[in-house]
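The values are calculated or read from the model by the stated rules, or taken from the named source; none is laboratory data. Only a predicted model underlies this, so the values are computations on that prediction, with no experimental measurement involved. Please note: Cβ atoms are built from the backbone with ideal geometry, for glycine as well, and neighbour counts cover all protein chains shown.
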Amino acid sequence: DSDTNTEYMINLILFGPPGSGKGTQAKKLVEKYNLLHISTGDLFRYEIGNKTELGLKAQAFMEKGELVPDEVTIGMLNNKVEANPDVEGYIFDGFPRTIPQAESLDKLLKSKGQQVAALIALNVDDDEIVKRLLERGKTSGRADDISEEVIRKRIRVYNETTAVVYNYYDQFGKSQSIEGKGSIEDIFGRISDRIEKLNV
Ligand code: B4P
């Protein structure tokens, strides 16, 4: 039952500005630690690809570099977690991006006798972000990677709305920050070190 599972579950939040490498690292971490990767960005892109009602709603915000409204995002995230109960833990990638999202995640996990083990933030400067995303935009087909203006807007939204989520988890001693520039393997090593030092 959920009580006996609690101590064995590692629920991680991969955090950082757009293009900081959350998705890249999450894919490597799930292989190593047998966790379920939940990326709200990927979930939205899937819905957009299938032209669902949810996708159409999200698309309008994403194209402009804005956040999709909390009620839409939280509902989708909750469904994904509820649909996958038998896992050793979750890696949340791109969620939570607002304080209400963080509070709702805590509530959801608590209802299962679980909690967030750590938030790991990847630090990357703005110029590097712009460089990476413009590069990805050449092949990704993502509307939000093509123009520097939209990328700068995403960085602004991150600084104004999302960055405080770091402080929110910091009050519980759960936030950790690592250098996000360097090779993908080196960064993966840094994150793995932090995970192995967690008391869960
Ligand atoms: P996301 O899909 O979360 O996208 P992201 O921030 O661009 O990506 P990430 O940090 O994962 O970067 P990646 O590894 O791909 O969000 C997109 C949009 O969806 C948001 O703007 C918003 O509109 C909406 N959304 C999503 N979640 C939401 C939420 N919770 N609430 C509201 N709205 C939400 O890496 C980027 C690039 O860098 C790649 O090309 C990669 O190859 C490269 N790279 C990675 N690591 C590198 C390294 N070490 N060195 C050099 N390049 C590297």
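List pairs: first in region 32-51 and within 17 Å of G65 (Cβ to Cβ) and among the hydrophobic types (A, V, I, L, M, F, W, C), second exposed (fewer than 14 other Cβ atoms within 10 Å of the Cβ) and modelled with pLDDT of 95 or more, Cβ under 9 Å, 6+ apart or cross-chain?
So the pair list comes out as I48/L56.
Does region 50-71 hold any residues that are within 8 Å of the ligand (Cβ to nearest atom) and assigned to a helix (DSSP H, G or I), and which are they?
Residues satisfying the conditions are A58, F61, M62, D70.
Considering only region 135-174, state which residues are near the ligand (Cβ under 10 Å from one of its atoms) and among the hydroxyl-bearing types (S, T, Y).
T139, S140, Y158, T161, T162
Could you please give the count of residues in region 73-99 that are over 22 Å from Y169 (Cβ atoms) and either crowded, with 17+ Cβ neighbours inside 10 Å or of a type in the set (D, E) (or both)?
2
Kindly list the number of the only condition in (1) within 13 Å of the ligand (Cβ to nearest atom); (2) touching a Ser or Thr at 6+ places or on another chain (Cβ under 8 Å); (3) not in a helix (DSSP H, G or I) that fails for G19.
Of everything listed in (1) within 13 Å of the ligand (Cβ to nearest atom); (2) touching a Ser or Thr at 6+ places or on another chain (Cβ under 8 Å); (3) not in a helix (DSSP H, G or I), G19 misses just condition (2).
Cβ-Cβ under 7 Å, sequence separation 6+ or interchain: first residue in region 181-197 and touching a residue at least 40 places away in the same chain (Cβ under 8 Å), partner of a type in the set (S, T, N, Q). Which pairs?
From region 181-197, the pairs are I184/T24; I187/Q25; F188/Q25; I191/Q25; R194/Q176.
Determine which member of the set K181, K197 is surrounded by 13 or more Cβ atoms within 10 Å (Cβ to Cβ) and either farther than 19 Å from E66 by Cβ or in contact with a Gly (Cβ under 7 Å, 6 or more places away or on another chain) (or both).
Going through K181, K197 in turn, the sole match is K181.
Yes or no: I38 surrounded by 20 or more Cβ atoms within 10 Å (Cβ to Cβ), assigned to a strand (DSSP E or B) and within 11 Å of the ligand (Cβ to nearest atom)? So that I can check it myself, show each step before the final result.
On the way: surrounded by 20 or more Cβ atoms within 10 Å (Cβ to Cβ): yes; assigned to a strand (DSSP E or B): yes; within 11 Å of the ligand (Cβ to nearest atom): yes.
It is true that I38 is surrounded by 20 or more Cβ atoms within 10 Å (Cβ to Cβ), assigned to a strand (DSSP E or B) and within 11 Å of the ligand (Cβ to nearest atom).
Residue under question is E47, and the condition is that it be in a helix (DSSP H, G or I) and more than 8 Å from the ligand (Cβ to nearest atom); does it hold? Even if it seems obvious, please write down each step before you answer.
On the way: in a helix (DSSP H, G or I): yes; more than 8 Å from the ligand (Cβ to nearest atom): yes.
So E47 passes the test.
Yes or no: S111 among the hydroxyl-bearing types (S, T, Y) and surrounded by fewer than 20 Cβ atoms within 10 Å (Cβ to Cβ)?
yes
Does R194 count as away from the ligand (no atom under 14 Å from the Cβ) and assigned to a helix (DSSP H, G or I)? Write out each step before concluding.
Details: away from the ligand (no atom under 14 Å from the Cβ): yes; assigned to a helix (DSSP H, G or I): yes.
Yes; evaluated as a whole, the condition is true for this residue.
Any idea how many residues of region 80-107 are among the acidic types (D, E) and within 14 Å of the ligand (Cβ to nearest atom)?
Step one: list which residues in region 80-107 are among the acidic types (D, E), which gives 82, 86, 88, 93, 103, 106.
Those still in the list that are within 14 Å of the ligand (Cβ to nearest atom) too: 93, 103.
Adding up the residues that qualify gives 2.
Return yes or no: is L77 within 12 Å of the ligand (Cβ to nearest atom) and over 17 Å from I48 (Cα atoms)?
Criteria not met by L77.
Which condition does D144 not pass, out of (1) acidic (D, E); (2) over 23 Å from V30 (Cβ atoms); (3) surrounded by fewer than 17 Cβ atoms within 10 Å (Cβ to Cβ), if it passes all the others?
(3)
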